[in-house]
Each structure stands twice: as structure tokens, then as C-alpha cells.
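Read the figures in this text as sums done on the coordinates, not as results from a lab. Since this is a predicted model, take the numbers as computed values, not measurements. Glycine also receives a Cβ, built like all others from the backbone with ideal geometry; neighbour counts cover every protein chain displayed.
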Amino acid sequence: MSDSTTTETIIVIGASSLIAQAFISQAIAEKEPDLALTIISVSRQSSLTLPVMTRPALANNVTHHHISCDYQQASISRCIADMSSMVGTIKKIIICNGILHSKTTNERTDNETTDKTHLMPEKRIEDINSDALQQLFYANSIVPMLWLSALTELLLQQPHKIDSPKCVISLLSARVGSISDNRLGGWYGYRASKAALNMLIKTTAVEYARRLKRVKLIAFHPGTTDTPLSKPFQANVPAGKLFTPEFVASQLFNIMANIEPNGQASYLDWQGKEISW
Ligand SMILES: NC(=O)c1ccc[n+]([C@@H]2O[C@H](COP(=O)([O-])OP(=O)(O)OC[C@H]3O[C@@H](n4cnc5c(N)ncnc54)[C@H](OP(=O)(O)O)[C@@H]3O)[C@@H](O)[C@H]2O)c1
């Protein structure tokens, strides 16, 4: 299992996300029998129990490491140092972090209570609040970018010749982050923080085209998915348009399996359709 040539690694950041957990289950279910799979999950939560790991037939040859992280830059660097002894060939990375509101207890870590401003998407410009914007930008743009930056060190240690295995990195964005597609307005902070994330991803792709040619970056829109993040906004979702995390994870897994690095980032929805930036 420690031989990096026979072990594939999947890294899942923000692993308490229901989409993240469904993605891990999907990865285990899709694993070839003769492949050793290492899953590294990272979360503010100190532990993560993967339901599917209790199914030994699927979990055969699967190793799971969990790392807890408070998402400050120094902690992320420490996580990367820990990971460097765990990784084989890194094939897929998903970065799921994102907040929209603080109506659920998902705002809290295991042992932290929060006195931050209550978050709810702004309906009008008078709702703009400095602390809320900072929370949104930190979780939705800065944390994913700190990870992308730190992971670059690990990716540079991987083979990246023209015939080396590809690595696909998906960052969970949202369609509302599209600047050209903003017709409805509202949700200033969430929208802008996802638009900023998209720009950070595009800019990284320009550099990766020179330095990490076998890495493909995806800004991914999952569609409205039944998770704590969308809970308060599900009432008006048309029938059939509220997806399960399992469906979305399976779509994302297949998109990542089939896409090829081309020196550019892609902004894709759950169907694999391009969204205009
Ligand atoms: N659900 C939808 O309808 C929908 C639609 C469009 C886009 N998305 C995007 O999909 C992604 C996954 O969301 P989900 O629907 O699976 O929601 P979820 O189950 O509520 O997951 C929330 C995610 O955000 C992280 N997180 C929560 N608070 C944070 C904070 N203060 N700082 C940094 N990270 C924090 C969590 O990481 P920990 O593991 O550390 O807790 C987890 O990865 C998000 O980026 C979201 O914007 C979701």
C-alpha cells in the first residue's frame, strides 16, 4: 500500500459536506479490485466516519486518513506536511468548502461556539454587512485558494510529464458566481465570493498550464442539492431539481474521470455543461 506507483490517492477537503461524503462513497464503489486507494479527508471536524467503510467488500484495499484543520494558513501548511507521507499518485482532489447562511449548526466546529454575525443571503443592498462579507469571502474564496496554493507543493512532487497520469481538481463553486449570467441579483456576498473563487481558479490555471500541465481545474456547480447549505431555500425548487448528494457526487466523479487537462480551467455544471464565466 505504501508503493506510490500502485496507490491512487483522492484528497477531499471540507469532508463534512454531504456532497464530499457521497463522493468518497462513489470513489470506493468505483475502485478497481486490484487498485489500492488512499483517501485523505480534511475537515474542521476532528473525525469522520465513512458509512461505506463498514462494507468490507468495497473497502478492501482502501486506506482512509482523516486530518482536522481550522483552515488558517499555518494549519493548512501543517496538513500538507502530514499528507506528504500518505499520498501515492494523486488522481482527484475536491475542495468543497462553502457557506451561504448560518442557520444550521454546521457553522460550528466540534469544540467552538461562534459569536460571528448571523449569515443570511442579502436581499437588498442595505443588508450588506462587513462581518458577513468577511465570513463569506474567507470560507468561499480564501480557504479554497489557500488549499490550492498549498497543494501545489504536493502536486509538483508528482510526475508531470506529458504521459504522466492526470490529476483533476474540482472546487465547488456555484452558477450564481457567473458574472455574465447575473440576471437575478441579490445574494451579494455569496455570489461575489464564488465569482472571486472562479477568478482565482482561472488565474491558477494560467500558471498550471506552465508548471503543472497534467492538472485539470474545474469550478463545479452541483445544482441545488439537498444539504444543510440549501435547506432554507428548498421550498421553491421545482420538482425533480433538488438533487441528492449521491446523484451529484456520481455526476462529478464521472466528469472528473473523463475530462482531460487542456491548460485551462473549466466552469461546469452537474451535467458537465459549460457555464459562462
Ligand atoms: N447544496 C447546494 O445546493 C449547492 C449549490 C451550489 C453550490 N454548492 C456548493 O457546494 C459546496 C458543498 O456544499 P454542500 O451543499 O455539501 O454543503 P454542506 O453539506 O453544508 O457543506 C459545507 C461545506 O463547507 C465547509 N464549511 C462550513 N463552514 C465553513 C467555514 N466557516 N470555513 C470553511 N469551510 C466551511 C464544510 O467543511 P468542514 O468539513 O470543515 O465542515 C463543508 O465542506 C459548497 O462550496 C457550496 O457553496 C452547493
Relative packing of 13-21, 64-72, which averages over residues the other C-beta atoms within 10 Å, highest first = 13-21, 64-72
Rounded if a/c under 1.5, otherwise prolate or oblate - the range 131-277, Cα gyration tensor axes | prolate
Can you tell me the FRET efficiency between residue 271 and residue 45 if r is taken as the Cβ-Cβ distance and R0 is 25 Å, rounded to the nearest 0.05?
-> 0.20
Counting alpha carbon pairs within less than 8 Å and at least 6 residues apart, what relative contact order, in whole percent, applies to the chain?
-> 20 percent
State the Kirkwood hydrodynamic radius of the chain in Å, one decimal place, computed from all pairs of distinct Cα atoms.
-> 19.1 Å
The helix 18-30 Cα axis meets the longest alpha-carbon principal axis of the chain at an angle in degrees, between 0 and 90 and rounded to 10, of 20 degrees
Compare the peptides 158-171, 230-243 by average per-residue count of other Cβ atoms within 10 angstrom and give them in order, highest first.
-> 158-171, 230-243
Rank-order 248-256, 39-47 by packing density, defined as the average count of other C-beta atoms within 10 Å over each peptide's residues, highest first.
-> 248-256, 39-47
Given pairs 202/231; 116/231; 166/202; 116/202; 31/194; 216/273 and cut-off 23 Å on Cα-Cα distance, the over-length ones are 202/231; 116/202; 31/194
Cα gyration tensor shape for the range 64-209, rounded if a/c is under 1.5, else prolate or oblate = oblate
Pseudo-spin-label distance residue 206 to residue 149, built 7 Å along Cα→Cβ, given in nm, is 1.7 nm
Estimated inter-spin distance, residue 213 and residue 183, nm [label 7 Å along Cα→Cβ] = 4.1 nm
Computed, not fitted: 222 nm per-residue ellipticity of the chain from DSSP H runs ≥ 4 (each -39500 (n - 2.57)), nearest 500, equal to -10000 deg cm²/dmol
Which far-off residues, 5 or more places away or on another chain, put their amide H under 5 Å from the one on residue 215, with H placed in the peptide plane?
-> 167
